[in-house]
Amino acid sequence: MSSDRRLSLSWVLPCGAFEQISSALQQTAQTGDQTSLVLTEATLRRDRTMAGQGDRFVVVVSHQFSGLLMADPTPNEALHETIHLTFAPESIAAFLSQLHHQSQHRSKLVDRLHQAVQQVQANNPDLQSEFTLRLADLMLTHSPASPTNAVTAALEQQHLLEQRVIERTQELHDALLAAQAANRTKTEFLAAMSHELRTPLTCVIGMAETLLRVMAMKPDTYPLQPQKQQEYLKLIKRSGEHLLELITDILEVSQVEAGKVVLDVKPFSLSQVAHQSLQILQERAHSKGVELALKALEHDSQSLNSTDVEDDAFMADPHRVSQILLNLLSNAIKFTPAGGRVTLRFGSKHNTAIFQVEDTGIGIADNQRSLLFQKFQQLDSSLTRNYEGTGLGLALTKQLVELHNGKIEVNSTVGVGSIFTVWLPAQSVNPSIAHLTDKTASLMPAIAPNLLETEAMKRALPIGERVVLIEDHDETALLICDLLTAADCQVVWMIDGATAMRQIELLRPRLIIANIQLPDLHGDQIIQFLRDHPALQATKVLALMAKVSSKDHTVQGVDDYLIKPVEPYQLLDKVATLVGRE
Ligand code: ADP
């Protein structure tokens, strides 16, 4: 429903009602602001600079409350008239502009009108409720032509407005919290990252410089023994490896988030992956004085080798499974002091692989558990913390587990140790939908996994362009946003046509997907605007329509159109064709 329709009402009422509603409007405006402008057709007739206005009207404009009331005679009804009341800022401003344009000379009133046009804005919800109550009282005592309808309409309007205010407030509150959290995390991350990256980089540069200086000297004046030089080179290598690890983690997380990681599902041996992961970290654990052990889940007491496990063959992405284990094991080693123990247990039950990494380390406090799997979160984020890391390992681990539709849980006691448990369901061979997020998949019940295998889909992904979407229907817009984001596009979604027209020049999109049947604008206007704008000549336009007839001339101005409901592959195919990625 458009905001205009929500904020406008019409009734057939007895003739006296107009004056009463008019005075209720004025009283309400004055409650909020003494300097309100009240204008009627009579005021205009008195001001000789204005052309006469025939029908009766009252327009009230103040900072907090504005409304426009108009009356038309009702045909064959001498005692009744049709009354229109609107609070829609656009409608009031349009009415005032019209009066302003009709002015013949400058006068105080004309100046005031000009100011009023600028001043109109959405009403203060308290004043709006106050007016609605006045209106409801009035309707009840006045016995209008259709009293029940009028009272119901007034109450309905109040209800709608209240609901909208609550919704908007909640949306604003959520957006604010999300923005604050994102900003805080980003700032903390940048501080942590600059520390993390700078430490090994300073070491690499410093050591390399020393070695270069040494090598420029005559061999007999070398201040550094070959053994020392070797130590320096080893340090450079370690720092380089650490930097590589950091950068790889950052890239991995962003790849998974962008939906670009596809699972490479194949059969593999659970015990082999577990053994190999343990072996990779054996040296690190040994040099830290931490004991590493491998056990079967059900046969806890005895050590395992591959033949002990009944269902050892498993179907998933072995590389990603190993990555999950390495992340959990290296954390366990990192956060366990010398003399401690880290145990990897594994097994499978009901077609689900289970891995458990237990350590006797520092543990995790209850109140910090919720932060654990968030990106760039290190529980000790002070610059002087004792443990190296990026705060990305567990976020990535969780993402990889979820790509398998699995789950990860943690149990921990401070000072005693932690147990991370991962459940991974066996995967079917077709992994094609895995690169789309869960949300996308759930929004696309119509997309069978094999649809993503079609030529159109393969050709359409990835597209990688900036796209502006103008659509007021949430579900359609979310589906399109998710599909195009999965296709690597930057999508900017706008709900109303008027805002879009103001911002499109700035955004310079490659493609505009527009619902050209929006309530606030006529499709012709959007298309005309896009076609006439010099900066948007290369921008393609894909129209979204509920239906189209061959005579529909609006379709002629666009590059292509889509009929709703949107078919995912058809959308991607059309987008790919329009942006020239066939
Ligand atoms: P990092 O690279 O900092 O280790 P992770 O995402 O892997 O990043 O872990 C995030 C934080 O969770 C760590 O900084 C640490 O505070 C805590 N953590 C992870 N694993 C353990 C563990 N086994 N024992 C104690 N704390 C842990």
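Odds and ends about this structure:
- Stretch gain in nm, segment residue 288-residue 496, where the contour uses 0.36 nm per residue and the Cα spacing is subtracted: 68.8 nm
- In this label model, residue 231 and residue 79 are separated by 10.9 nm, measuring between points 7 Å along each Cα→Cβ vector.
- Residues with amide H under 5 Å from that of residue 265, placed H, sequence gap 5 or more: none
- Spacing of the modelled spin labels on residue 535 and residue 102, each 7 Å from Cα toward Cβ, amounts to 3.7 nm.
- Across region 341-346, rounded Karplus estimates of 3J(HN,Hα) from the backbone phi angles (6.51 cos²θ - 1.76 cosθ + 1.60, θ = phi - 60°) give 9, 10, 10, 9, 10, 8 Hz, Gly and Pro being marked x.
- Counted charge near residue 64, where neighbours are those whose Cβ lies closer than 11 Å (Asp, Glu -1; Lys, Arg +1): -3
- Packing rank of 361-372, 271-282, where each peptide gets the mean count of other beta carbons within 10 Å, highest leading: 271-282, 361-372
- Cβ-based exposure ranking for 468, 357, in which fewest neighbours within 10 Å come first: 468, 357
- Computed lengthening from residue 365 to residue 202, 0.36 nm per intervening residue step minus Cα-Cα distance: 55.3 nm
- Residue-span extension gain [residue 214 to residue 507] - 0.36 nm each, minus C-alpha spacing: 100.0 nm
- Cα→Cβ-extended label distance, 7 Å offset, between residue 172 and residue 280, nm: 5.0 nm
Bear in mind these aren't lab numbers, they're just calculated from the coordinates by the rules spelled out. For clarity, every value in this text was computed on a predicted model and none was experimentally measured. All Cβ positions, even for glycine, are placed from backbone atoms using ideal geometry, and neighbour counts span all protein chains on display.
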